[in-house]
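Reading through the structure tokens given below for one structure.
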Amino acid sequence: MEKEFFEHRLNVNRRHFLGKMALGVGSAALGSLLVPDLFKGSASDAEELPLGIRHFASKAKRIIMLFQNGAPSQLETFDYKPLLNKMYGQDLPESIRQGQRLTGMTANQERFPLVGSKFGFKQYGSSGTWVSDLFPKIAEITDDICVIKTVNTEAINHDPALTFLQTGSQQGNRPSMGAWMSYGLGSENKNLPAFCVLLSRGKGNGQGVYSKLWSNGFLDSVHQGVQFSASEDPVLYLNNPDGMDMKSRKKMLDHLASLNHMGFEEFGDPQIHAKIQQYEMAYRMQTAVPEITDLSKEPDHVIKMYGTDCMIPGTYASNCLLARKLSESGVRFVQLYHQGWDQHGNLVEEMSGQAKDVDQASAALIKDLKQRGLLDETLVIWGGEFGRTNYCQGKLTEDNYGRDHHPKCYSIWMAGGGVKGGLSYGETDEFGYNIIKDPVHVHDLQATIMHLMGLDHEKLTYKYLGRRFRLTDVHGHVVKDILA
């Protein structure tokens, strides 16, 4: 009687139980394959989502950052200020400067003569976004981009400003933005790293870039950015040594992995596991990298769109096309640095050359992603580390001038990945010196980028030296008005 009661009550027999259990185990196994860290964690991490799972649904899956290293002037790009042309040569009013700090390069100037842009501006797109005549191709895509005119930072010199934007701290030894994305989301392609770095140099004066900008910091070393070069070996030390074939290489790596596993069992150092992963990734990349860096198979209309320079390895155009291929192949974060934007003098000539380097290829990248149906899931970011002064540094002439560093406001643009296209966000005063509406601090920008990738910037943390670190430190607000 008791047996009949329970069989009726639960309506479960042995066959039904085993069938349901097999389905549940299969689902769990599939989940663990799709998200390797699904069941990883400890009691202290019980309230946190496993790595590889977004905190909420998002459109963006990947990021391409077109970083204009050296800080392009907002007054010659997207922040049109006709008053500066009318007040040419007059001193910047103290009521505008308000004693704000200067760099050592202009602190001793007796005067701060205002100078407007030598280049014309026009309005484009349905939103009437102002774009300098230096960027006719970017002007064609204004309905796809969101120009933010009010980004501001705390640093006034290149190294700390660049480091601050990339890592959330003005000092080194912090994970870069790409490393955080790799840590939080992983890669979509097991044969390629989650974070790749591309370098190019323009015609102007450039600030250097250095590996701390794509460092993993205190995260596992597998999250460090992998730098691609313009040489015959795009990734250094990837090819097999002379006399070693792929089969021998794999056998050697298997033996090395077994030795490393023994070392881990004895010492428990997590970096040993990271090294094993790096060796295995390098082996898989031997096949993937040559194929992905071969641009010769791109159709003629794509080459024409990016410009013929895209077939010259190491150019900005070539790196933009390579960035598309890497992103299309599942690389989570592609960081492109283009050096040469440091126009303290001779701005007219140097900035003309810089703009010519980047205008066509930057616009082509957006058009290319869009025609492939990839723009909605790829977030593209274009901009530098700070802005430029509205007054001239050094000697002011009718034909030329220079601009010093200005951290109080500068312009960038973003496209795709859940950003509103055809939007001009924020407003600076008529002198282009202070923000009067909708400021966007660097930490706000970082928080927004993470949000677009489906990550809560307050929840993606890493415990190190007794405290929990995050990209935005203890700051940052998502700029919701630019979200599509």
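The values are calculated or read from the model by the stated rules, or taken from the named source; none is laboratory data. Predicted, not measured: the structure shown is a model, and the values here were computed from it. Glycine gets a Cβ as well: all are built from the backbone with ideal geometry, and neighbour counts include every protein chain shown. Calculation scope for accessible area: heavy atoms of the full protein, side chains included, ligands and nucleic acids excluded. Shrake-Rupley method; radii C 1.70, N 1.55, O 1.52, S 1.80 Å.
Observations on the model:
- Solvent-accessible area per residue, Å², over region 335-484 with all protein chains present [probe radius 1.4 Å]: 34 Å²
- Rolling a 1.4 Å probe over the protein chains gives His344 an accessible area of about 40 Å².
- Percentage relative contact order, region 51-148, counting C-alpha pairs under 8 Å, at least six apart: 28 percent
- Burial order of peptide ranges 350-363, 461-474, 383-396 (average beta-carbon count within 10 Å, highest first): 383-396, 350-363, 461-474
- Atom-type composition of the exposed protein surface of region 169-233 places 38 percent of the accessible area on carbon and sulfur (1.4 angstrom probe).
- For the residue pairs Lys212/Lys408; Lys367/Lys420; Lys59/Lys408; Lys59/Lys420; Lys122/Lys408, the C-alpha atoms sit more than 19 angstrom apart in Lys212/Lys408; Lys59/Lys408; Lys122/Lys408.
- Accessible area ranking (1.4 Å probe, heavy atoms, ligands and nucleic acids excluded), largest first, for Val151, Val226: Val226, Val151.
- Solvent-accessible area per residue in region 75-156 equals 45 Å², computed with a 1.4 angstrom probe and all protein chains kept.
- Largest-first ordering by accessible area, 1.4 Å probe, given options Val302, Val348: Val348, Val302
- Three-way shape call for region 345-415 based on the alpha-carbon gyration tensor, with the a/c threshold at 1.5: oblate
- Of all accessible heavy-atom area on region 280-418, the percent that carbon and sulfur account for (1.4 Å): 49 percent
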